[in-house]
Amino acid sequence: MQKRVFLVAGYNTISLGTGRKEFNPKKERPGLEHYMQEAGRATLEKIGGAKNVDESVVGNFMASRFNNQAHLAAFIPSIDKDLRYKPSIRVEGACASGGLAMVTGIKSVLAGTADVVLALGVEVQNTVKAMYGADHLALAGFYKNRKTGHAFFFPGEFSDRAGSYSEAYGEEYARKGMAQWYANCVENARLCDTAQEYENKNEDLISIGMMPPNGNRFVDHLNFADCSKVSDGASSIAIVSEDGLKRVGIPANQAIELVGFAQAEENIMEDPVDPVELSTTKVAVRKALDMAAIKKEQLATVETHDCFTIAGVLATEAIGFADKGKGAQFVADGHTARDGQIPFNTTGGLIGWGHPTGATGVHQAVTIWEQLTHQAGNAQINIPADKPYGLTVNMGGNDKTVVTMVFKQTN
């Protein structure tokens with residue numbers, strides 16, 4: 001990094017959807033503008049107001065389909081009148097849209113065009129029936145394959161990955177790892193009051209995770225517990241330079257420093273090179289760790305893109321904590337639990353906290369900021385002195401767009 005970049009003042013709205021007591025599909029629910037204003041105003045309050053912001057960026061995947069609304073950059077001035085006439089941009093990369101928003105803001109700070117960037121991610125998806133939603137989300141893949149793909153397109157894509165993993169290493173073996181991933185997610189979500197699974201009271205989570213998939217009702221190799229839910233929500237955070245940190249008046253110990261990041265793309269028109277490997281994720285993580293000049297063993301925690309439990313299992317292998325084919329055992333042995341060797345997704349990840357697609361990459365950064373600054377409340381984990389780093393992995397499509405970032409505690 002040729003210039004120091006910091007993150008401060010993170011905020012998450014509730015991840016709203018089935019499972020939350022506030023959610024009622026028969027009643028009108030908050031729209032895009034509500035979530036953007038709530039998240040944006042919360043961050044602005046922490047950084048001394050909109051007068052301190054130079055630029056804004058919003059990540060969003062599919063508002064033009066779910067909400068019949070495009071041109072989201074022009075919603076930014078609705079957050080605060082002092083954002084009128086300031087630069088704003090909306091970016092999209094499927095479920096990695098939030099990560100791309102982060103990278104866009106980071107590059108503005110590195111380029112010197114901004115010292116303070118307001119970064120948001122937002123998605124409101126509980127607006128259509130499940131089958132229509134599946135069709136909208138299929139645009140994250142190669143849509144020409146839609147007619148030959150599963151009715152539930154992306155569950156079908158990752159069901160294929162889970163099936164290949166089961167065929168290669170054993171169905172019971174794979175299922176145990178995926179079930180433990182699900183249990184960890186819900187257990188962590190119960191500690192975070194904005195999480196979609198916060199109120200989940202099921203006592204035997206492993207048994208739910210172990211339920212055999214039924215291809216006649218859903219997909220062949222995933223059950224409902226293996227899937228992230230449909231979610232509405234927004235996350236926000238400020239990306240600042242050293243001068244920006246002084247401008248907003250926040251002490252360094254309440255900030256985290258970006259020390260490495262990477263973005264990697266794969267051809268959306270092609271099937272995965274290896275269905276039991278997240279090859280794009282593997283490349284992006286290596287690049288980010290190399291830029292940060294650290295080893296994976298120095299990480300205190302990871303936020304990874306577990307849109308499905310198999311994606312979480314495969315991420316442990318792509319990052320390098322488990323050898324190929326050993327990720328399910330690594331998870332089943334408790335190594336990714338909040339008190340394990342390397343805690344993953346400490347507020348529940350996509351399965352437990354929720355997956356408002358355009359917000360996920362920002363939410364991951366907010367979670368790392370909370371953990372490394374000891375502001376995670378009941379979800380706080382131990383951050384060892386010799387492991388002051390956190391990693392985020394945000395994936396768009398079937399491992400096609402991947403954004404990774406490495407952050408460090410500041411003193």
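The values are calculated or read from the model by the stated rules, or taken from the named source; none is laboratory data. Keep in mind that what you see is a predicted model, and the values were worked out from it rather than measured. Please note: Cβ atoms are built from the backbone with ideal geometry, for glycine as well, and neighbour counts cover all protein chains shown. Protein only, heavy atoms only, side chains kept; ligands, DNA and RNA dropped before computing areas. Shrake-Rupley method; radii C 1.70, N 1.55, O 1.52, S 1.80 Å.
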Taking Asp54 as meeting all but one of (1) of a type in the set (Asp, Glu); (2) more than 12 Å from Gly121 (Cβ to Cβ); (3) at pLDDT 95 or above; (4) open to solvent by 50 Å² or more (accessible area, probe 1.4 Å), write down the number of the exception. (4)
Checking Ser207 against (1) among the hydroxyl-bearing types (Ser, Thr, Tyr); (2) without any contact (Cβ under 8 Å) to a residue 40 or more places away in the chain; (3) surrounded by 23 or more Cβ atoms within 10 Å (Cβ to Cβ), the condition it does not meet: (3)
Output the residue which, of all residues in segment 311-355 that are in a loop (DSSP other than H, G, I, E, B) and among the aromatic types (Phe, Trp, Tyr), is surrounded by the fewest Cβ atoms within 10 Å (Cβ to Cβ). Phe321
Those residues of segment 139-157 which are open to solvent by 50 Å² or more (accessible area, probe 1.4 Å) and either assigned to a helix (DSSP H, G or I) or touching an Asp or Glu at 6+ places or on another chain (Cβ under 6 Å) (or both), in sequence order: Leu139, Tyr143, Lys144, Asn145, Lys147, Thr148, Glu157
Pairs needed: first member in segment 73-96, closer than 28 Å to Asn267 by Cα and among the β-branched types (Val, Ile, Thr); second member anywhere, in a loop (DSSP other than H, G, I, E, B) and modelled with pLDDT of 95 or more; C-beta distance under 9 Å; at least 6 residues apart or different chains. Val91/Asn60
Single residue of Arg41, Arg90, Arg65 found to be open to solvent by 60 Å² or more (accessible area, probe 1.4 Å) and in a strand (DSSP E or B): Arg90
Contacts under 6 angstrom Cβ, first residue in segment 104-122 being assigned to a helix (DSSP H, G or I), partner of a type in the set (Val, Ile, Thr) and open to solvent by 10 Å² or more (accessible area, probe 1.4 Å), 6 or more apart: Thr104/Val91
Does Lys387 satisfy being of a type in the set (D, E, K, R) and not in a strand (DSSP E or B)? yes
Given the condition over 24 Å from Trp353 (Cα atoms), assigned to a strand (DSSP E or B), at pLDDT 95 or above and open to solvent by 10 Å² or more (accessible area, probe 1.4 Å), answer yes or no: does some residue in segment 80-87 qualify? no
So which residues in segment 216-247 are over 26 Å from Trp353 (Cβ atoms), open to solvent by less than 70 Å² (accessible area, probe 1.4 Å) and assigned to a helix (DSSP H, G or I)? Gly244, Leu245
Are any residues in segment 250-278 over 20 Å from Glu370 (Cβ atoms) and surrounded by fewer than 16 Cβ atoms within 10 Å (Cβ to Cβ), and if so, which ones? Glu265, Asn267, Met269, Glu270, Asp271, Val273, Asp274
Hey, among Thr401, Thr373, Thr392, which residue is open to solvent by less than 10 Å² (accessible area, probe 1.4 Å) and of a type outside the set (Phe, Trp, Tyr)? Thr392
